[in-house]
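The values are calculated or read from the model by the stated rules, or taken from the named source; none is laboratory data. What you see is a predicted model; the values in this text were computed from it and never measured. Quick reminder, even Gly has a Cβ in these numbers, built from the backbone with ideal geometry, and neighbours come from all protein chains shown. These area figures cover heavy atoms from the full protein model, side chains too; ligands, DNA and RNA do not enter into them. Shrake-Rupley method; radii C 1.70, N 1.55, O 1.52, S 1.80 Å.
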Amino acid sequence: MARLRYLGSDSVAATWLALSAITVVTTWVLSKDAFGGDLAVLLTMACVSLKAWLVMTRFMESTSGPLLARVVFEGWAILAPLAIGVTIAFSIF
């Protein structure tokens, strides 16, 4: 098992701070009436995908896992918010 680094851009502390900042954005910014419902849902899902990606790549070290698992995970992290955005875009027109 790889040793977790505590200094630098790949550090546990930097990842934890990023996860905390994203939580603040979704909890205190997107949950208020600052954005319309559709946009808030899209941005919240993008934040969820980003948080899942950070946890999977930084803490669970999925970058060294099997190729199929990485493709499925990376595909989900990209396609889920994209699918919601496309659905919202088509519902507007």
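Say each of residue 60 and residue 74 gets a label point 7 Å from the Cα, pointing the same way as Cα to Cβ; how far apart are those two points in nm?
Each label point lies 7 Å from its Cα, and together they span 1.6 nm.
Tell me, what is the per residue accessible area of the chain in Å², probe radius 1.4 Å?
Numbers: 6600 Å² over 93 residues.
On a per-residue basis, the chain sits at 71 Å².
Ignoring ligands, DNA and RNA, what percent of the accessible area of the chain is carbon or sulfur (1.4 Å)? Let's see the in-between values first.
Numbers: 4870 of 6600 Å².
The value for the chain is 74 percent carbon and sulfur by accessible area.
What longest region of the chain stays clear of trypsin sites (Lys or Arg not before Pro) that DSSP places outside H, G, I, E and B and that have at most 11 other Cβ atoms within 10 Å?
33-93
Given springs between every Cα pair under 10 Å in a Gaussian network model of the chain, which of 57, 27, 15 has the largest fluctuation?
Top of the fluctuation ranking is 27.
Rounded to the nearest 500, what is the chain's calculated 222 nm mean residue ellipticity when only DSSP H runs of at least 4 contribute -39500 (n - 2.57) each, over all residues?
For the chain, the value works out to -21000 deg cm²/dmol.
What distance in nm lies between label points placed 7 Å from Cα along the C-beta direction at residue 25 and residue 12?
Taking the two extended label points, one gets 2.5 nm.
Quick one: length gained pulling residue 48 to residue 34 fully straight, 0.36 nm per residue minus the C-alpha distance?
Extra length available between residue 48 and residue 34 comes to 3.2 nm.
Per residue, how much space in cubic angstrom lies within the convex hull of the C-alpha atoms of the chain?
Residue-normalised Cα hull volume stands at 89 Å³.
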